[in-house]
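Each remark here refers to the structure printed beneath this line.
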Amino acid sequence: MKFLFVGTNPENTGGATHFVALAQALVEVGHSVNVVAYPGGLIAQELAHSDVRLHGAVFRNAYDLRGYAKVMAAAKQSKPDWLVGNFGKEYWPLIVIGRLLGVPVALFRHRTPPMKRLSGYLLPRLAQRFFAVSNYARQAYLNRGVPAGLVRVLYNPVSLARCRPDARQRGATLLSLGIDDEAIVLGYAGRMHGGKGIFTLLEAATAAMVEESRLHCLWLGDGPEAQDLRARATAGPAAARHHFVGWTHDVSPYYNAMSMLAFPSISPETFGRVSIEAQASGVPVLASNVGGVPETLSPDVTGLLLPPGDAGAWHSAILKMCDASFRRPMAEAARPYVQEHFSTTVIADEFVKILADH
């Protein structure tokens, strides 16, 4: 099958990461993929050395005629069976181009806030396929009146080649961070703001670090409250065991340094990609029971679901995970779980199956 993906957002977002992973997944299982992307943006950079053919373009908004011309040219050249879009500013252009060329359109919606009323009503009905990235998100769209038969769910794929257990990488990463090989490492990867639950995690982790001297915290990411988080950690009783890396383009090497990953969001998340990436690397997950996050793990098998914002519950769970006999079976179950539910082969095959379903 031949696909033309259109995504001219230059930013590093969850939608962009999904876009790249799905395009790569389809190529891996033998499909032809062309991509219209912002020159030099994250999507173009990530796909530059793959078997995807790139076409540079920018959609400044839904009325950008130059964007239409670029996509039309790429479509006429590649003759796709499907047009695929991930970003709101390109929904309407793809619907129009699809109608003009007689090519069906698949749209992904990565957010739960409502679209403008007319778009929210028409787009799921005009696209040949309309996808949510979790059952939680799907239900949000149904609650706004989108017919159930129009919204399919396709989870984020994860590359098992990129995210995998690697003892050598673990040793190198720990050495670079100045952390002992025998340490227990609690990791966080994501935006640094209150809605992500970072201060609940800091409170719980710091209390656990007082009781468990081997416990370290590894913080990956940046955001508006990163400086406040770092200041609070530095003022605490275990300051030397908090390690702040900042924003990093590729988190995958750091998963190997973790004994567990924390996903402590207070605000609902549509999904939770870092959860499945960590599990693919053999890392069990402590996750908030909120939004689409519970769909990313097998509770009590590959991780634990915890009440969001409850520092006491998180403290207890962290200490449980510090026990290797408790943690190890979850670590061993994590990668097979991801392989079965979120691997590139599984998601690509499911995507094509849904597209072919009449």
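The values are calculated or read from the model by the stated rules, or taken from the named source; none is laboratory data. Quick caveat: nothing in here was measured; it's all calculated off a predicted structure. Every residue, glycine as well, gets a Cβ built from its backbone with ideal geometry; the counts of neighbours run over all protein chains shown. These area figures cover heavy atoms from the full protein model, side chains too; ligands, DNA and RNA do not enter into them. Shrake-Rupley method; radii C 1.70, N 1.55, O 1.52, S 1.80 Å.
General remarks:
- Cα-based convex hull volume of segment 1-61 per residue, rounded to whole Å³: 70
- The GluC sites (Glu not before Pro) of segment 263-358 include none that DSSP puts in a loop with a beta carbon having at most 12 other beta carbons within 10 Å.
- DSSP beta bridge pairing in segment 158-259, given as percent antiparallel to the nearest 5: 0
- In terms of its C-alpha gyration tensor, segment 44-84 has an oblate overall shape, because the principal axis ratio a/c (a ≥ b ≥ c, square roots of the eigenvalues) is not below 1.5 and a/b does not outweigh b/c.
- Relative contact order [Cα under 8 Å, 6+ residues apart], the chain, whole percent: 15
- Full-extension gain in nm, residue 172 to residue 250, via 0.36 nm per residue minus C-alpha separation: 26.5 nm
- Using alpha-carbon coordinates, inclination of helix 226-235 to the longest axis of the chain, degrees: 10
- Distance between modelled label sites at residue 45 and residue 210, nm, 7 Å Cα→Cβ extension: 4.1
- Around the Cα centre of segment 214-358, unit charges on the Cβ atoms of Lys, Arg, Asp and Glu (plus for the first two, minus for the last two) sum to a dipole of about 620 debye.
- Shape call, segment 105-263: gyration tensor on alpha carbons, a/c limit 1.5: prolate
- Segment 215-358 - Kirkwood radius from inverse mean 1/r over Cα pairs (Å): 16.4
- Estimated FRET transfer efficiency when R0 is 51 angstrom, pair residue 332-residue 121 (beta carbons, to 0.05): 0.60
- Lys, Arg +1 and Asp, Glu -1 on Cβ, resulting dipole of segment 246-323 about Cα centre, debye, nearest 20: 60
- Using only side-chain charges placed at the Cβ, +1 for Lys and Arg and -1 for Asp and Glu, the dipole size of the chain relative to its Cα centre rounds to 1500 debye.
- Segment 33-134: Cα Rg divided by the 2.2 N^0.38 Å rule of thumb: 1.06
- Counting only protein heavy atoms and a probe of 1.4 Å, the accessible surface of segment 182-297 is 49% carbon and sulfur.
- For segment 89-181: accessible area per residue (Å², 1.4 Å): 50
- The trypsin sites (Lys or Arg not before Pro) of segment 206-262 meeting both criteria, a DSSP state outside H, G, I, E and B (loop) and at most 15 other C-beta atoms within 10 angstrom of the site's C-beta, are 214.
- Cα gyration tensor, segment 293-358 - rounded (a/c under 1.5), prolate or oblate: oblate
- Calculated Rg and Dmax of segment 69-197 using C-alpha coordinates, Å: 20.8, 61
- Short-range pairs are left out: with C-alpha atoms under 8 Å and at least six residues apart, the relative contact order of segment 164-273 is 40 percent.
- Of the GluC sites (Glu not before Pro) in segment 135-235, the ones in a loop by DSSP (not H, G, I, E or B) with at most 13 other beta carbons within 10 Å are 182.
- With R₀ set to 41 Å, the beta-carbon distance separating residue 61 from residue 235 gives a calculated FRET efficiency near 0.35.
- Accessible surface calculations at 1.4 Å, restricted to protein heavy atoms, place segment 307-358 at 50 Å² per residue.
- A cut-off under 13 angstrom between Cβ atoms defines the neighbours of residue 245, and their net charge, with Lys, Arg +1 and Asp, Glu -1, is -1.
- When you count the other C-beta atoms within 10 angstrom of each residue and take the mean per peptide, 110-122, 85-97 line up highest first as 85-97, 110-122.
- Full extension of the segment from residue 353 to residue 180, taken as 0.36 nm per residue of separation minus the current Cα-Cα distance, would add 57.6 nm.
- Semi-axis lengths, largest first, of the ellipsoid equivalent to the chain are 38, 20, 19 Å, with √(5λ) applied to each eigenvalue of the Cα gyration tensor.
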